[in-house]
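Engineer: Take a look at this one; I'll ask things after.
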Amino acid sequence: MTLAETPNHDNSLNPLLTLNYEPALESLGDDYYDEVAAEEFPQHILRWRNDALLSHLGLDIQAVTDEHFINAFGKFQGRKPLIALRYHGYQFGNYNPYLGDGRGFLYGQVRASNGELYDFGTKGSGRTPYSRGGDGMLTLKGGVREVLAAEALHQMGVRTSRCFTMIETGLSLWRGDEPSPTRSSVMVRMSSSHIRFGTFERFHYLQRPDLTKKLLDHVIEYYYRHLISQKDKYALFYAELVQRVAELVAQWMAAGFCHGVLNTDNMSITGESFDYGPYSFIPTYDPYFTAAYFDYYKRYCYGHQPNICQWNLEMLQEPLKAIIELTDMEAGLASFNDYYGTEYRRLMLKKLGFEQLNHPEADELLELTITFLKESQVGYHLFFSEMARTFSAKWRDDPACVLHNSEIGPAVGTSAIFDNWCILYHKILNHFDLDEMAVITQTLAQHNPKTVLLRPVIESIWQPIAEANDWQYFTDLIHQIQSKQ
């Protein structure tokens, strides 16, 4: 997808500008944000538009042109105010009061066809009062990586923000962690909310419990509406947030996803995954796998993610205790491990082909699966995709048939753990009728995509973009992800 510069058109005819924007966050007042201006870019080339989200917004895909995207989200015509949120956060365990939207802003909030309010938030749109000496820009590679991550996670069932559009801007950027100069982009993310844990932490730092309560009432009104009439709505809000976050991190873990930087300013108050910087999908099951090269002490490694999210929820108690009884929040947080364990078990059983598995061997199978993956270091995603590719009803007849025609056996060689896993899987299959084998086949295919964004995959599509401006591999990969090929 490539566009040359196009002349401006009447904004009243742009469907993206005539959506029903709601000033929900803006109505809180300027204690929560600063009005900012967007960067004026020398070039606007549309590289990605998420047509699936257009229909979600009730828009006719054919009626929204590439030029509409560029005028709305590259030239930022017809929308005011643009607001950069103020927030603080714990970064690698240390409190930082010098944060805020440093290279993005809230573009607007709209109702989707499901009645929910969504935010359009930018990334790479220029300096704000919180840029802290940075240029406020986003590299093109960073934009490509986030588009891919969001679509892949969405297709894997993770509750995630998604990229609405990405536009190359013609600027050259200098970055210490990649070859410079490098190309730049501006991206618009569609998420459930722009409000972070750190938005609340800022008001505790400023000793403004009145503003904390105002923000909490806003969050409940817009994102936890079912609690509004409840007598103990504040405690119930925190308990539900705990459940949402616990289930989210279980989704990451089952997907083999390492976020990379789980600071509290990267935690959404709605329990949604967003802001993908140095993320990575694990190549093999390694609890200490670390996505961010600068995470020297592995604080945010793959296996630490549940504990870190639980710790972040505990830190959130500090600002919220001005409104919510601490004992109520402690009781809510005490359920984190149960929520996490239940969701992780459910998702992993789906990856193993079982929509429901209440037999006694279920937990044994999960434990043996993780033990095998950890000790063999067979590819995490390869193992499950090979199950989906080679599954046969014959596995029910003879344990020697289990994964017999896959790449797993030759890769493992002689392994007592693998043999025991095959015997146990065969045993469990015999709890099901022969007719139910088709359901297992479908479940395996649905929950184990063939295409996974391992680092070499991303590099393989970035190289032709960087060297020859060839976007075909990117387009093909997005299609594979969205169609679960």
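The values are calculated or read from the model by the stated rules, or taken from the named source; none is laboratory data. Please read all numbers here as calculations on a predicted model, not as lab measurements. With ideal geometry, Cβ positions are generated from the backbone for all residues, glycine too; neighbour counts draw on all protein chains shown. With ligands, DNA and RNA removed, areas are computed over all heavy atoms of the protein, side chains included. Shrake-Rupley method; radii C 1.70, N 1.55, O 1.52, S 1.80 Å.
Engineer: What is the residue count in the range 296-322 for residues that are at negative phi, part of a loop (DSSP other than H, G, I, E, B) and not aromatic (F, W, Y)? Talk me through it step by step, then tell me what you get.
Structural biologist: Here is the first cut: in the range 296-322, the residues at negative phi are 296-297, 299-322.
Checking which are part of a loop (DSSP other than H, G, I, E, B) leaves us with 296-297, 299-301, 321-322.
Checking the rest, the ones that are also not aromatic (F, W, Y) come to 299, 301, 321-322.
Matching residues across the range 296-322 total 4.
Engineer: Right, something else. I'd like the full set of residues that are open to solvent by 10 Å² or more (accessible area, probe 1.4 Å), more than 20 Å from Y234 (Cβ to Cβ) and in contact with a His (Cβ under 8 Å, 6 or more places away or on another chain), limited to the range 169-212.
Structural biologist: Across the range 169-212, the qualifying residues are G170, Y205.
Engineer: Please enumerate the residues belonging to the range 467-485 that are open to solvent by 60 Å² or more (accessible area, probe 1.4 Å) and either in contact (Cβ under 8 Å) with a residue 12 or more places away in the chain or at negative phi (or both). Before the answer, list the steps.
Structural biologist: Residues of the range 467-485 that are open to solvent by 60 Å² or more (accessible area, probe 1.4 Å), as a first pass: 467-469, 472-473, 475-476, 479-480, 482, 484-485.
Residues satisfying the conditions are E467, A468, Q472, Y473, T475, D476, H479, Q480, Q482, K484, Q485.
Every residue, every condition in (1) in a loop (DSSP other than H, G, I, E, B); (2) in contact with a Cys (Cβ under 9 Å, 6 or more places away or on another chain); (3) among the acidic types (D, E), yes or no:
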position: D419; (1), (2), (3): no, no, yes
position: I423; (1), (2), (3): no, no, no
position: I428; (1), (2), (3): no, no, no
position: D435; (1), (2), (3): no, no, yes
position: V457; (1), (2), (3): no, no, no
position: I465; (1), (2), (3): no, no, no
position: D470; (1), (2), (3): yes, no, yes
position: F474; (1), (2), (3): no, no, no
position: L477; (1), (2), (3): no, no, no
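Engineer: Looking at (1) touching a residue at least 24 places away in the same chain (Cβ under 8 Å); (2) within 17 Å of D419 (Cβ to Cβ); (3) open to solvent by less than 20 Å² (accessible area, probe 1.4 Å), which is the one condition that is false for E386?
Structural biologist: (1)
For (1) under 15 Å from A445 (Cβ atoms); (2) hydrophobic (A, V, I, L, M, F, W, C); (3) open to solvent by less than 20 Å² (accessible area, probe 1.4 Å); (4) assigned to a helix (DSSP H, G or I), each residue gets a yes or a no:
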| site | (1), (2), (3), (4) |
| --- | --- |
| E355 | yes, no, no, no |
| L368 | no, yes, no, yes |
| E375 | no, no, no, yes |
| K394 | no, no, no, yes |
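Engineer: Return the residues of the range 254-287 that are open to solvent by 10 Å² or more (accessible area, probe 1.4 Å) and part of a helix (DSSP H, G or I); say none if nothing qualifies.
Structural biologist: D265, N266 - these are the residues of the range 254-287 that are open to solvent by 10 Å² or more (accessible area, probe 1.4 Å) and part of a helix (DSSP H, G or I).
Engineer: Further question on the same structure: Is there any pair linking a residue in the range 337-350 that is within 14 Å of M156 (Cβ to Cβ) to one that is open to solvent by 30 Å² or more (accessible area, probe 1.4 Å) and of a type in the set (D, E), with Cβ under 8 Å and at least six apart or on different chains, and which?
Structural biologist: Cβ pairs passing all conditions: E343/E247.
Matching residues to (1) at pLDDT below 95; (2) closer than 30 Å to K141 by Cβ:
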| position | (1), (2) |
| --- | --- |
| N405 | yes, no |
| I428 | no, no |
| T441 | no, no |
| N448 | no, yes |
| T451 | yes, yes |
| R455 | no, yes |
| I458 | no, yes |
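Engineer: Sort through G170, G256 and tell me the only one that's more than 24 Å from the chain's Cα centre (by Cα) and farther than 27 Å from Y32 by Cα. Walk me through it before giving the result.
Structural biologist: Values: G256 fails: more than 24 Å from the chain's Cα centre (by Cα).
Exactly one residue qualifies, and that residue is G170.
Engineer: Take residues that are among the hydrophobic types (A, V, I, L, M, F, W, C) and tell me which of the strands (runs of 3 or more DSSP E) falling wholly in the range 74-132 contain 2 or more. Steps first, please.
Structural biologist: Details: elements: 82-85, 89-91, 94-96, 106-111, 117-123.
So the answer is 82-85, 106-111, 117-123.
Here is a yes/no grid of residues against (1) out of contact with any Lys or Arg (no Cβ under 8 Å at 6 or more places or on another chain); (2) surrounded by fewer than 23 Cβ atoms within 10 Å (Cβ to Cβ); (3) over 20 Å from E272 (Cβ atoms); (4) aliphatic (A, V, I, L, M):
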residue: Y87; (1), (2), (3), (4): no, no, no, no
residue: N96; (1), (2), (3), (4): yes, yes, yes, no
residue: G104; (1), (2), (3), (4): no, no, no, no
residue: Q109; (1), (2), (3), (4): yes, yes, no, no
residue: G115; (1), (2), (3), (4): yes, yes, no, no
residue: G124; (1), (2), (3), (4): no, no, yes, no
residue: R127; (1), (2), (3), (4): no, yes, yes, no
residue: Y130; (1), (2), (3), (4): no, yes, yes, no
residue: G133; (1), (2), (3), (4): yes, yes, yes, no
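Engineer: A further question on this structure: Could you please give the count of residues in the range 233-268 that are of a type in the set (A, V, I, L, M) and within 24 Å of G142 (Cα to Cα)?
Structural biologist: Residues of the range 233-268 of a type in the set (A, V, I, L, M): 235-236, 239, 241-242, 245-246, 248-250, 253-255, 261-262, 267.
Add one more test, that the residue is within 24 Å of G142 (Cα to Cα), and what stays is 248-249, 253, 255, 261-262, 267.
Within the range 233-268, residues that are of a type in the set (A, V, I, L, M) and within 24 Å of G142 (Cα to Cα) number 7.
Engineer: Quick check, is N405 open to solvent by 70 Å² or more (accessible area, probe 1.4 Å) and either part of a loop (DSSP other than H, G, I, E, B) or in contact with a strand residue (DSSP E or B) (Cβ under 7 Å, 6 or more places away or on another chain) (or both)? Spell out the reasoning first.
Structural biologist: Working: open to solvent by 70 Å² or more (accessible area, probe 1.4 Å): yes; either part of a loop (DSSP other than H, G, I, E, B) or in contact with a strand residue (DSSP E or B) (Cβ under 7 Å, 6 or more places away or on another chain) (or both): yes.
Taking the combined requirement at face value, the residue satisfies it.
Engineer: Let me ask another. Among M166, M190, which is more than 19 Å from H44 (Cβ to Cβ), among the hydrophobic types (A, V, I, L, M, F, W, C) and in contact with a Lys or Arg (Cβ under 6 Å, 6 or more places away or on another chain)?
Structural biologist: Working: M166 fails: more than 19 Å from H44 (Cβ to Cβ).
Just one listed residue meets the conditions, M190.
Engineer: Can I ask one more? Mind listing whichever residues of the range 123-153 are more than 22 Å from A84 (Cβ to Cβ) and of a type in the set (K, R)? Give the steps one after another, and end with the answer.
Structural biologist: Within the range 123-153, the subset more than 22 Å from A84 (Cβ to Cβ) is 140-141, 144-145, 147-149, 151-153.
Those that are more than 22 Å from A84 (Cβ to Cβ) and of a type in the set (K, R): K141, R145.
Engineer: Against the condition at pLDDT 95 or above, among the small types (G, A, S) and out of contact with any helix residue (DSSP H, G or I) (no Cβ under 7 Å at 6 or more places or on another chain), how does G89 come out, does it pass?
Structural biologist: On the way: at pLDDT 95 or above: yes; among the small types (G, A, S): yes; out of contact with any helix residue (DSSP H, G or I) (no Cβ under 7 Å at 6 or more places or on another chain): no.
No: the conditions fail for G89.
Engineer: Being out of contact with any Cys (no Cβ under 6 Å at 6 or more places or on another chain) and either of a type in the set (V, I, T) or over 8 Å from C258 (Cβ atoms) (or both) is the filter here, so list the residues in the range 289-303 that pass it.
Structural biologist: Listed by number, the residues that qualify are A292, Y293, F294, D295, Y296, Y297, K298, R299, G303.
Engineer: Then there's this: When only residues in the range 215-236 that are buried (at least 16 other Cβ atoms within 10 Å of the Cβ), more than 30 Å from F73 (Cβ to Cβ) and touching a residue at least 60 places away in the same chain (Cβ under 8 Å) count, which is nearest to the chain's Cα centre (by Cα)?
Structural biologist: Across the range 215-236, the extreme among qualifying residues is L216.
Engineer: Kindly provide the set of residues from the range 437-455 that are β-branched (V, I, T) and outside any helix (DSSP H, G or I), ordered by number. Working first, answer last.
Structural biologist: Step one: list which residues in the range 437-455 are β-branched (V, I, T), which gives 439-441, 443, 451-452.
Correct list: T451, V452.
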